[in-house]
Amino acid sequence: MRIFIAYRMDEQTKSEILFIQEQVKPIYPNGRFKQPKNMHMTLKYIGDVTIDQFNRLITEIDRTICEYALLNVELNQLGFFGKSTKNHTLWIGCQAHPSMTQLSEAMTSCAVSAGISVNQTPFVPHITLAQHGTLLSELPRIETINVQFDQVCVFLSSRIEGELIYQPLRCWKLT
């Protein structure tokens, strides 16, 4: 099973991000825009794991997650990953908060403790809007979206009848 750990978002936030997606569609043609039901902020991509590794990961997260509280952030930046304006990932994000970065690092440690080999890519707080388009002009300024991240989940990433689906397998409420 292919999994990742992420902040789960409420429907209001997803709706506000969908509005931003509509704003950038004209300047990002051919982009594959993410469906609101799949929107999240990844804390750590894990990849393929066995059931045993998954169970050990859940145990490790259970031990660690109580140290972290909910977080209020302002999504106020648009950006993209990639070296050119073609075939890259367009995202909305926020300034990295120390607690957010610490939680991402803690999830990496949980994976390693569970016997899972993970990449050490630095955490960049972002939500993917679209992929594989061509940016035609400068990114616009956007209205700030206030978000409360109060839930962390382990998601299963799978394709069902050709459609990418992110399904929460286990979630923890942050207070």
Quiz item: For segment 113-146, which residues satisfy the criterion of being of a type in the set (A, V, I, L, M) and either within 23 Å of LYS37 (Cβ to Cβ) or within 19 Å of the chain's Cα centre (by Cα) (or both)?
Solution: VAL118, VAL124, ILE127, LEU129, ALA130, ILE142, ILE145
Quiz item: Restricted to segment 36-59, and to residues that are under 30 Å from SER137 (Cα atoms) and either among the hydrophobic types (A, V, I, L, M, F, W, C) or surrounded by 13 or more Cβ atoms within 10 Å (Cβ to Cβ) (or both), which residue is farthest from the chain's Cα centre (by Cα)?
Solution: PRO36
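Suppose we keep only residues that are out of contact with any strand residue (DSSP E or B) (no Cβ under 9 Å at 6 or more places or on another chain) and loosely packed, with under 13 Cβ neighbours inside 10 Å within segment 60-83. Which one would you say is farthest from PHE155 (Cα to Cα)? Walk me through how you get there before you give the answer.
Narrowing segment 60-83 to residues out of contact with any strand residue (DSSP E or B) (no Cβ under 9 Å at 6 or more places or on another chain): 60, 63-64, 67, 69, 83.
Cutting the leftovers down to loosely packed, with under 13 Cβ neighbours inside 10 Å gives us 63, 67, 69, 83.
Values: ARG63: 18, GLU67: 21, ALA69: 20, LYS83: 29 Å.
Residue satisfying both the conditions and the ranking: LYS83.
Quickly run through segment 157-175 and pick out the residues that are aliphatic (A, V, I, L, M) and surrounded by fewer than 16 Cβ atoms within 10 Å (Cβ to Cβ).
Selection gives ILE160, LEU164, ILE165, LEU169.
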Quiz item: Of all residues in segment 17-35 being buried (at least 16 other Cβ atoms within 10 Å of the Cβ) and not in a helix (DSSP H, G or I), which is farthest from the chain's Cα centre (by Cα)?
Solution: TYR28
Quiz item: Taking segment 70-124 as the region of interest, how many residues are outside any loop (DSSP other than H, G, I, E, B) and β-branched (Val, Ile, Thr)?
Solution: 6
Practice problem: Would you point out which residue out of GLN23, GLN12 is among the polar types (S, T, N, Q) and either over 22 Å from MET100 (Cα atoms) or in contact with a strand residue (DSSP E or B) (Cβ under 6 Å, 6 or more places away or on another chain) (or both)? | Solution: GLN23
Practice problem: Tell me, please, whether a residue that is aliphatic (A, V, I, L, M) and not in a strand (DSSP E or B) can be found in segment 159-166. | Solution: no
Quiz item: Any idea which of THR144, THR134 is more than 24 Å from ALA111 (Cβ to Cβ), touching a strand residue (DSSP E or B) at 6+ places or on another chain (Cβ under 6 Å) and surrounded by 14 or more Cβ atoms within 10 Å (Cβ to Cβ)?
Solution: THR134
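Quick note: the coordinates plus some simple rules give every number you see, no bench work behind them. What you see is a predicted model, and the numbers here were worked out from it, not measured in a lab. Neighbour counts are summed over all protein chains in view; Cβ atoms, including those assigned to glycine, are modelled from backbone coordinates with ideal geometry.
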